[in-house]
Amino acid sequence: MVRRVTLGLILAGLVGALGAWWLAKAAVTVQNRGMHTRSSVAHLLMLAETAGVFLNGEADVQRLTAAFEEEHPEISSIRIVSGRDLVASTAPGDTGENAAPRRLQREEKDLFDLARALQASVTNNLDPTAPRQEEISTAPLPSGALQVAVPVEFDGENLGMASAEIAPPAPPRAPPLLGGFLVLLVPTLIYWGASRLLPENRWVHAGAAVALLLVALIVFAGIEWNHLADAREGLFTELASQVVEDASWSTARQLEATLDPVAPQPETWDVNDLREPLGVILAGGDVDAAAMSAELASGRRAYNRGLWLVQGIAVLLCLAFAVGWAASLWRTLKAYKEAYAYTVPALLGMLVLVFIPFLYGITISFTNLNIYNSDEAVWNIWVGFDNYTAILTDFEVFETTDAGRTINYQNFYWTLGFTIIWTITNVTIGVSLGLLLALILNTKGLRGKAFYRLFLILPWAVPNYITALIWKGMFHQQFGVINQVIQMFGGTPVAWFETPLSSFATILTTNGWLSFPFMMVISLGALQSIPSDLYEAARVDGATRWRQFTAITLPSLKPALIPAIILSVVWTFNQFNIPYLVSQGEPAGATEILITDAYKIAFEQYRYGYAAAYSVIIFIILMGYGIWQNKVTKATEGI
Amino acid sequence: MRSTFTRTILIAALGLVFTGAALVEAQTELVVWHGYRGAEKAAFEKVVQMFMDQNDGITIKTLAVPYDAYADKITAAVPRGRGPDVFIFAQDRMGGWVASGNTLEPLDFFLDDKLTGRFLDSTLHAMTYQDSVWGLPLNYKCITMIYNKKLISDPPKTSTELVAAAKKLTDAKVGRFGLAYHYSDFYYHASLMNGFGGGVFDDKSQPTMNRPENVKALELLMTWVDGEKVLPLEPSTALITSLFNDGKAAMVFSGPWFLGEVSDSIDIGLATLPTLDEAGGQPMRPWMTVEGVYISQPSKHKDEAFEFVTFLTGTEAGVVMALEGGQTPANKTVYDNAKVAADPVLSAFRAQVETAIPMPNLPEMTMMWSPATTAMNAIVRKSSTPKAAMDQAQKEVQDRISKLRK
């Protein structure tokens, strides 16, 4: 056992330490690149601000741009666009005949489009309720450089756009890996030393190992984080000093061009891509310590999220070895290797066709995925259990309006209640009608049995959306055949879809019509397999017809009927076509069932995440029902 | 001897392969998606052939995509670079595609007054989103008045005349109606709403479902349905078609898609929708959908694509599509053609478009339909007043938009 636990500790320590180190390395790279982009954007915004003053004063922007490039060797191919004109350019090809200022050429359409897009974003963002759009564009180029574009403005008026290529940053110093080996060694050594003192219980050993592992991993993660935080502080100080330099450079160029100098605003240069100041660089070029530590703290939270995953995996791994799961799994795999080999193709198929979409559905149910953010990464739109709490904790089934207390038909519990009533009534109708018809058809010596059977199965054979549309037409207020008949007998026509109850009646009728043939076929099959000598014996004993039915027929039907009812409940619960096509949820969503509601949330409101949560709840309800049903009836016992 | 022969053959074959490769190289292939069927498809294909005959270097592969899957296919395929170079679709999804990015190529760079001048202003306006033009307008569709000449000789010009004429022809007991249209569908109702100067969004893209003009339009509709009783209850497109074909509806408000369903025995006439006396003599202003031709952003042949788009929206192509495909081109110059001008259907829609308003192309538009439908159903069934139902719809649209934007 000690050997097993030690192996687990070493493996888990290796995975945990390498994982945490890799996370830190990725974080350092991302941070380095992020800060590089941030300072590049700051430089370019300074140029844009100065160019705005130059354009407004009709000074030589081309000279300003060339001087700027000389000042910042990492920035190249600076181009300033205004309308259809290229007003300044340091791009390699733009010399001689091609030198700015000139009209934009066909190959430069992208620049023109980008300038217009940025302008449109700025206009859009003036409206505080509109969805935010990026005012700064950053895009990686195939060469590894970064293309940054910012709007050029003067006094709030858009004058164009400045774009530049920025060379990639120098690679950052990698975080220390040495501590990782300590994580590997220390817990193993301690465990070895102490293992003799521990009682002979695998859980105690496993617990001790996990505790040791966790402490070591947390210490290691702390070391890695400190490296990250130090690097970031250095980058901030650098950015602050650059901003101060930029500000004085801008003022100098403005004076040189004999313009009325406009004081530079360095605090508007350190911004996110919505041009909202990040607040770390103050007006004078100082670093705001509080804002910086807030940023560090949020970085730490992001790092910790990844870390939990790594630590979780390490702990599970350690446990698996220490408790002996890994060993038994290995033994099973080895013992039944042919069986596993044969099922691999099917398993893979299931994985691709069932489990991955299913897991994807569950994953997006924890996000705020919708039509506006469908290209965002999952973790950027992660909302945890928000969707579920929003659905499940909304108990306002009744709402009070000017018209008095009314039912809020959009409420989840109303829809759930309605769906349950819908399912119960439908299955009841389907089973009783199907059974009744089956009993009639099972009469000995009935003539034309085959014809009746064919005739009664027809509703099932017609595609159900066609049936649904026919019934919908029959329930029409003015021209529907049902109201015509009512009028024939002197009644007043009914507006079927006006009240929840009559609307419910329409979908119940339609679905009843659709569902009895299935039950009839099932019952008929089962009825025919009941041996006739049972009835003979019963008759000899003097049992009545009713007694025969309850004592022989029903129990014999049970094994066939119960699975059919289970299936039928699930089908009816998710019977999309009938409510969607016949009542269409009228009036005001009162006859909507859960699945049609989920559909409408996803494809009419475009709230995919919320709809996914809705579907997961439907799944849980049905799974709970299935388990319960199986337990109660033991229907699957014989299989 | 034999080896020389073989060698010659080989060289010739190689040469063929190379020339073949060179030919393929010179050809630019554009993939174009559209949703046309029947006569529209035949006319479209003819126009494509005309373009290929005039432009040697470009071949065009057209693909007809079934309408119900079309928009989702564009949304899924184009941003990932697996879509067509050029595609044709109505303007209602345009705003959403612009917002989601990497789908539509902005065309402002290509545009000049000569090119934009040939289009009906309102159709070009429909192709504009956030001050940029994202497609060129190809065809427009809007509803107009279609009447049975046997029942009505002189189509009404004002709403008062309309109600008077309709009342004369209505006999609900035998299921005969003077006027029939899908008024509970918000798209059809919009002609009344816009006539009163209403609308579902204001200039700042904020929903305005319950603005007073909208309520007034609904109140007028209710006097037609409930007071004058000149309209059938629970209308649906199938019901309207069968009433009209049975000669039981004298006038119908519908679009070009309706004409294909009219039976041959009915002698139809087309007229501009009447003016509304209740709205100070303003004309009814139907919503217009505009089919635009878009260039997809990931396309590798944008110059050729733009050449094709320019040709497709030009006069020559427009005349073919109008006369053979029964389309109503957005290009004004098409209607100068003598044959087009002589066509009663084409000229009727050309006259109607003068009062039509492009349907908003905001991404938020999709949030509006379902609350609007609920409200319309509640109103026409009299289970709610226009004001209350539209207040509720306003609340719901606002709620949906805010839930999406949080």
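The values are calculated or read from the model by the stated rules, or taken from the named source; none is laboratory data. Only a predicted model underlies this, so the values are computations on that prediction, with no experimental measurement involved. Neighbour counts run over all protein chains shown; Cβ positions are idealised from the backbone, glycine included.
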Give me the helices (runs of 4 or more DSSP H) completely within the stretch A:519-620, filtered to those with at least 1 residues that are within 30 Å of B:Thr374 (Cβ to Cβ), within 14 Å of chain B (Cβ to nearest Cβ) and of a type in the set (Lys, Arg), ordered by residue number. A:594-603
Is the stretch B:95-110 home to any residue that is within 14 Å of another protein chain (Cβ to nearest Cβ), more than 19 Å from B:Leu30 (Cβ to Cβ), surrounded by fewer than 17 Cβ atoms within 10 Å (Cβ to Cβ) and touching a Ser or Thr at 6+ places or on another chain (Cβ under 6 Å)? yes
Go through (1) part of a helix (DSSP H, G or I); (2) at pLDDT below 90; (3) surrounded by 11 or more Cβ atoms within 10 Å (Cβ to Cβ) for A:Asn380 and report which single condition fails. (3)
What are the residues in the stretch A:464-511 that are assigned to a helix (DSSP H, G or I), surrounded by fewer than 18 Cβ atoms within 10 Å (Cβ to Cβ) and in contact (Cβ under 8 Å) with a residue 60 or more places away in the chain, if any? A:Tyr465, A:Leu469
Count of the stretch A:146-191 residues which are part of a strand (DSSP E or B), farther than 26 Å from A:Val30 by Cβ and of a type in the set (A, V, I, L, M): 3
Considering only the stretch B:135-152, I want to know if a residue exists there that is under 26 Å from B:Met94 (Cα atoms), in contact with a Ser or Thr (Cβ under 8 Å, 6 or more places away or on another chain) and modelled with pLDDT under 90. no
Taking the stretch A:108-167 as the search range and keeping residues that are of a type in the set (Lys, Arg) and out of contact with any Leu (no Cβ under 6 Å at 6 or more places or on another chain), which one is surrounded by the most Cβ atoms within 10 Å (Cβ to Cβ)? A:Arg116
Looking at the stretch A:252-276 only, could you name the residues that are outside any loop (DSSP other than H, G, I, E, B) and surrounded by 17 or more Cβ atoms within 10 Å (Cβ to Cβ)? A:Arg253, A:Gln254, A:Pro266, A:Glu267, A:Val271
Note down all Cβ pairs under 6 Å where the first residue falls in the stretch A:46-67 and is farther than 24 Å from A:Ala283 by Cα, the second is in a helix (DSSP H, G or I) and of a type outside the set (A, V, I, L, M), and they're at least six residues apart or on different chains. A:Val61/A:Phe54
What number goes with the only condition from (1) surrounded by fewer than 17 Cβ atoms within 10 Å (Cβ to Cβ); (2) within 21 Å of A:Leu45 (Cα to Cα) that A:Glu97 does not pass? (2)
Of all residues in the stretch B:349-397, count the ones that are closer than 19 Å to B:Asp185 by Cβ, among the polar types (S, T, N, Q) and more than 14 Å from chain A (Cβ to nearest Cβ). 1
Checking the condition away from chain A (no Cβ under 13 Å) and free of Cβ contacts under 8 Å to residues at least 24 places away in the same chain, which residue from B:Ser263, B:Ser254 passes? B:Ser263
Failed item, numbered, when A:Ala170 is tested on (1) in contact with a helix residue (DSSP H, G or I) (Cβ under 7 Å, 6 or more places away or on another chain); (2) at pLDDT below 90; (3) farther than 17 Å from A:Asn272 by Cα; (4) not β-branched (Val, Ile, Thr): (1)
Residue match in the stretch B:198-206 (condition: buried (at least 22 other Cβ atoms within 10 Å of the Cβ) and within 14 Å of chain A (Cβ to nearest Cβ)): no
Would you confirm whether or not the stretch A:181-198 contains a residue that is small (Gly, Ala, Ser), within 14 Å of another protein chain (Cβ to nearest Cβ) and touching a residue at least 40 places away in the same chain (Cβ under 8 Å)? no
Mind checking which residues of the stretch A:250-277 are farther than 20 Å from A:Phe54 by Cα and either free of Cβ contacts under 8 Å to residues at least 24 places away in the same chain or polar (S, T, N, Q) (or both)? A:Glu267, A:Asn272, A:Glu276, A:Pro277
Of the residues in the stretch A:394-424, how many are assigned to a loop (DSSP other than H, G, I, E, B), within 14 Å of chain B (Cβ to nearest Cβ) and at pLDDT 75 or above? 6
Condition test on A:Phe154, is it under 30 Å from A:Leu11 (Cβ atoms), out of contact with any Cys (no Cβ under 8 Å at 6 or more places or on another chain) and of a type outside the set (Asp, Glu)? no
Looking for whichever is over 30 Å from A:Asn411 (Cα atoms), modelled with pLDDT of 90 or more and polar (S, T, N, Q) here; the options are B:Gln352, B:Gln394. Which one fits? B:Gln352
Mind checking which residues of the stretch A:111-132 are in a loop (DSSP other than H, G, I, E, B) and either under 13 Å from A:Met161 (Cβ atoms) or more than 8 Å from chain B (Cβ to nearest Cβ) (or both)? A:Leu126, A:Pro128, A:Arg132
Being under 18 Å from B:Thr272 (Cβ atoms), over 12 Å from the mean Cα position of the chain (by Cα) and in contact (Cβ under 8 Å) with a residue 60 or more places away in the chain is the filter here, so list the residues in the stretch B:328-348 that pass it. B:Lys332, B:Pro344, B:Val345, B:Ala348
Criterion first (closer than 30 Å to A:Ala211 by Cβ and modelled with pLDDT under 85) does A:Gly96 satisfy it? no
Filter the stretch B:99-128 for residues that are free of Cβ contacts under 8 Å to residues at least 60 places away in the same chain, under 23 Å from A:Glu135 (Cβ atoms) and aliphatic (A, V, I, L, M) and give the result. none
